[in-house]
Amino acid sequence: MRRYDLLRGIDPKRFTAKGEEQVTLLLRTVFESSNGAAALTVPILRAVSGCMHKTWVEKGLAFIEAYDRIHLVGLHGMLTDLGLED
């Protein structure tokens, strides 16, 4: 949250939400999708956070529902097996 708020101070057009709002949406996106608690890991949260572009996030619940079709834990496992986890 702190980092996001610092970035927001530098570039408010790109980082429009407050840190608390961003973290809340990030956790809801991962946890409330079909991925659930198993996907609440740092690499997955970082990846989803990087995908939270304003135009997509503004779609609201549809943004979260889109993650129902993405098996984040399986995808992370596949990338780890390939040595691409970072």
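General observations
- Close Cβ contacts (under 8 Å, 6 or more residues apart or on different chains) running from residues in the range 63-86 that are open to solvent by 60 Å² or more (accessible area, probe 1.4 Å) to residues that are part of a helix (DSSP H, G or I) comprise Glu85/Pro43; Glu85/His76; Glu85/Leu79; Asp86/Pro43.
- Taken across the range 40-49, residues that are among the charged types (D, E, K, R), at pLDDT below 90 and assigned to a loop (DSSP other than H, G, I, E, B) do not occur at all.
- Consider the range 1-36 and keep the residues that are of a type in the set (A, V, I, L, M, F, W, C) and either under 20 Å from Met78 (Cβ atoms) or at pLDDT below 65 (or both). The one that is most open to solvent (accessible area, probe 1.4 Å) is Met1.
The values are calculated or read from the model by the stated rules, or taken from the named source; none is laboratory data. Since we're looking at a predicted model, the values are computed, not measured. For neighbour counting, all protein chains shown are included, and Cβ atoms are generated from backbone atoms with ideal geometry for every residue, glycine included. Note: areas computed on protein heavy atoms with side chains; ligands, DNA, RNA excluded. Shrake-Rupley method; radii C 1.70, N 1.55, O 1.52, S 1.80 Å.
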